[in-house]
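See below for the structure under consideration.
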Amino acid sequence: MTRTDQPTGIRTTPRRKVLISGAGIAGPALAYWLNRYGYEVTVVEKAATPRSGGYPIDIRGTALEVVRRMGILPQLRDVHIDLRRLTFLDGDGGTVASIHPHTVTGGVAGRDLEVRRGDLTEALYTAVRDDVEFLFNDSVAALHETTNGVDITFHGGGGRTFDMVFGADGLHSHTREILFGPEEPFHRYLGYRFAIFTMPNTFGLSHETVMWNTPGRAAALYAVGDDDAVHAFLNFARPEPPFDAFRNPEAQRDLVAEVFTDAQWEVPRMLAAMRDADDVFYDGVSQIRMPRWSSGRVALVGDAAYAPSFLTGQGTSLALVGAYMLAASLPDRDHTAGFAAYEHDTREFVTLNQDLVGEGGATLFPTTAEALDQRNEKLRNLRTIPTPPGRPAHSALTLPQLTPS
């Protein structure tokens with residue numbers, strides 16, 4: 001891979017050893033920048049390989065500058081999905097409105113990126129795999145901080161000591177649980193549950209999303225190109241968070257099927273496909289909000305620290321920007337000062353983007369018949385969403401330059 005705009009003469013600290021838990025998006029991005037600053041980086045990942053597939057994700061605003069500085073922006077532009085149409089349907093399957101997706105998402109045509117998640121994870125992994133150590137099929141079983149470092153015990157056996165440890169292990173972070181206890185105090189449930197999976201594209205869809213709604217329920221088919229498969233998405237309102245069903249796949253499928261049992265359009269076919277799908281991902285629509293993102297020599301990044309939910313479209317971008325800001329905060333500082341600078345310089349940007357959630361849920365998933373009628377009427381008359389005054393949340397942070405030597 002050709003890397004562009006690479007920094008030269010970065011000031012490095014002595015070759016300190018760090019561990020990153022998680023090889024999704026935030027983990028490899030953080031590994032890249034820490035390696036550039038001279039750290040000896042190990043990434044541990046419970047999966048057997050970098051995870052391919054997954055639903056499409058957005059890269060916007062400040063995050064575009066992160067991937068540009070990594071040298072992978074041209075590669076990502078080559079795999080841009082270019083979604084061209086978003087069609088809303090009513091409960092009977094009739095068309096409410098058909099619009100360009102940017103009208104609802106606030107994206108910028110020709111600038112923002114939408115790519116398959118697997119394409120981004122592959123680009124990140126390729127950018128760093130020759131420079132850092134990856135431990136697949138393993139995870140952190142326990143950590144113990146001492147005056148000189150963090151002692152790690154791995155599930156696969158054995159232990160090692162690192163100067164710092166970073167949790168980049170997602171919304172349900174095990175690292176966060178070890179440090180701060182159960183997830184519930186930091187879990188801000190937004191009132192919806194969802195299941196997403198792939199199924200055969202027998203619908204003739206291409207570069208488009210079709211979404212069916214009734215009050216409190218939504219079903220969508222997402223065709224990222226001319227592929228033989230589409231992403232199927234089933235979302236429904238529930239007042240309580242789904243902690244009881246996180247680890248029970250059959251209970252998840254049963255609940256979804258029950259909620260959509262009388263649904264029309266293509267929903268019966270989607271439910272049948274869900275039963276046979278081997279890639280069903282089920283979760284609650286949630287955010288993680290924490291008063292602090294670090295403890296001692298351990299810090300959190302990405303969804304583990306500040307998941308914004310898919311309603312904001314900013315989860316991937318926050319992971320990329322957070323990884324950059326965390327790495328940039330550490331040179332010439334000890335871990336205490338570095339982590340404090342990371343939070344000070346990044347939290348406002350995170351909060352602005354997490355607060356976008358109020359717009360997404362109301363637009364896409366009304367929970368009452370009256371609210372759905374109002375949304376549909378707005379969609380019928382929609383031409384474009386006015387840009388709010390001031391700097392957009394997606395771009396509300398200017399990246400610091402890498403420290404010269």
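The values are calculated or read from the model by the stated rules, or taken from the named source; none is laboratory data. This structure is a prediction, so every number in the text was calculated from the model and none was measured. Every residue, glycine among them, receives a Cβ derived from its backbone with ideal geometry; neighbour counts consider all protein chains shown. Side chains included, ligands, DNA and RNA excluded: accessible areas come from the protein's heavy atoms. Shrake-Rupley method; radii C 1.70, N 1.55, O 1.52, S 1.80 Å.
How high is the relative contact order of the chain, in percent, counting Cα pairs under 8 Å that sit 6 or more residues apart? The value is 21 percent. Rounded if a/c is under 1.5, else prolate if a/b is larger than b/c, else oblate: which is the chain, with a ≥ b ≥ c the root eigenvalues of its Cα gyration tensor? Taking the square roots of the gyration eigenvalues as a ≥ b ≥ c, the chain is prolate. Could you check how much of the accessible area of region 34-157 is carbon and sulfur, as a whole percent, using a 1.4 Å probe? Carbon-and-sulfur percentage of accessible area, whole number: 44. Segment Arg380..Ala340, full-extension length gain: 9.6 nm, with 0.36 nm per residue of separation and the alpha-carbon distance subtracted. In this label model, Gln264 and Thr49 are separated by 4.4 nm, measuring between points 7 Å along each Cα→Cβ vector.
For the peptides 143-152, 111-120, the ranking by mean Cβ contacts within 10 Å, running from highest to lowest, is 111-120, 143-152. In region 24-120, Cα pairs under 8 Å separated by at least six residues give a relative contact order of 35 percent. Peptide packing for 217-224, 306-313 was compared via the average number of neighbouring C-beta atoms within 10 Å per residue; ordered from the highest value, the list is 306-313, 217-224. Between amide H atoms placed 1.01 Å from N, distances below 5 Å from Glu40 occur with Arg16, Lys17, Val18, all of them 5 or more places distant or on a separate chain. Rolling a 1.4 Å probe across all protein chains gives Trp33 an accessible area of roughly 0 Å².
In the context of the full set of protein chains, residues of region 169-228 present 37 Å² of accessible surface per residue (probe radius 1.4 Å, heavy atoms only). The calculated FRET efficiency for the pair Asp78 and Thr147, based on their C-beta separation and a Förster distance of 60 Å, comes to about 0.80.
How far is helix 117-128 tilted off the main Cα axis of the chain, in degrees rounded to 10, range 0 to 90? On a 0 to 90 degree scale, this one is about 10.
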